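Structure first, commentary second.
The values are calculated or read from the model by the stated rules, or taken from the named source; none is laboratory data. Bear in mind the structure is a predicted one, so any value in this text is a computation, not a measurement. Heads up, the Cβs are rebuilt from the backbone with ideal geometry, glycines too, and the neighbour counts pull from every protein chain shown. Surface areas here come from the heavy atoms of the whole protein model, side chains and all, with no ligands, DNA or RNA. Shrake-Rupley method; radii C 1.70, N 1.55, O 1.52, S 1.80 Å.
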Amino acid sequence: MAFDLTTSATYLSSLLARGFARAFQERTASLGFLPGQFPVLVALWAEDGLTQRQLVDRLDIEQATMANTLARMERDGLIERRPHPSDKRAQLLFLTERASAMQPEAEAAARAAEDAMFGGFRRFERELLLEYMRWLVENARKLDEDPQSVPGPISERKQIPV
C-alpha cells in the first residue's frame with residue numbers, strides 16, 4: 001500500500017506551518033519583520049533586556065538560529081545590544097523604539113492570521129486543536145530528551161505478563 005500524504009501528520013504539519021507563516025507574513029509585511037522574528041519580539045515585549053541565552057531557553061530555538069535571527073534584527077533596527085552589567089561575556093538585548101511601537105499592530109496581525117486560518121472552526125474546535133498541538137509539542141520535546149520516552153507502535157512495545 002502506498003504512503004498517503006493526506007494521512008501523514010508530519011506532512012500536514014509542514015503545510016500548516018507554511019500556511020500560518022504565509023498568512024502572518026502577508027499581514028505584517030509593512031511592519032518590517034519576518035514571521036520567525038515574532039517570537040523574539042513577543043519575548044522582549046514581555047521582558048526587555050534579556051540575554052541571547054535566556055531567549056534560546058524561553059523560546060526553544062537553536063543557538064545558531066537565534067544568533068542569526070538576532071543579527072538580522074539588529075541590522076534591521078529592531079533590537080540593540082548593551083553590555084551586561086555583571087557578565088562581561090553576555091549582552092542584553094533591548095527593543096528599539098520602532099520595534100516597541102509596532103507591538104499593537106503586530107499582535108493584531110498575528111490574531112488576524114490565526115482567525116483566517118481557523119475560518120469555519122467553532123470555538124471549542126479551535127481550543128481542542130490548540131490543546132492537541134500543545135500535546136504534540138510536548139511529545140516532541142520528550143523525544144528530543146529521550147527517544148524511548150514516547151512509545152512506538154503496539155507491536156514494538158514490551159509485553160506485560162498477565
Yes or no: segment 138-151 includes at least one residue that is modelled with pLDDT of 95 or more, under 24 Å from R22 (Cβ atoms) and not hydroxyl-bearing (S, T, Y). no
*asked:* I'd like to know if segment 3-19 contains one or more residues that are β-branched (V, I, T), open to solvent by 60 Å² or more (accessible area, probe 1.4 Å) and farther than 23 Å from D144 by Cα.
replied: yes
Listed by range, helices (runs of 4 or more DSSP H) wholly within segment 21-105 having at least 2 residues that are in contact with a Ser or Thr (Cβ under 8 Å, 6 or more places away or on another chain) and closer than 30 Å to E145 by Cβ are 38-46
Just one listed residue, out of L78, L70, is under 17 Å from the mean Cα position of the chain (by Cα), under 23 Å from L50 (Cβ atoms), surrounded by 12 or more Cβ atoms within 10 Å (Cβ to Cβ) and not hydroxyl-bearing (S, T, Y), and it is L70
By residue number, the members of segment 29-51 that are under 21 Å from T65 (Cα atoms), more than 16 Å from the chain's Cα centre (by Cα) and touching a residue at least 24 places away in the same chain (Cβ under 8 Å) are G32, D48, G49, L50, T51
Residue check, G120 open to solvent by 60 Å² or more (accessible area, probe 1.4 Å), at pLDDT 90 or above, of a type in the set (G, A, S) and more than 18 Å from the chain's Cα centre (by Cα):
yes
Exercise for the section: Please verify whether segment 27-42 includes one or more residues that are open to solvent by 20 Å² or more (accessible area, probe 1.4 Å), farther than 16 Å from A99 by Cβ and of a type in the set (D, E, K, R). Expected result: yes
### Condition met for D87 (at pLDDT below 95, of a type in the set (D, E, K, R) and open to solvent by 50 Å² or more (accessible area, probe 1.4 Å))
no
How many residues of segment 52-67 are buried (at least 16 other Cβ atoms within 10 Å of the Cβ) and of a type outside the set (A, V, I, L, M)? The answer is 1
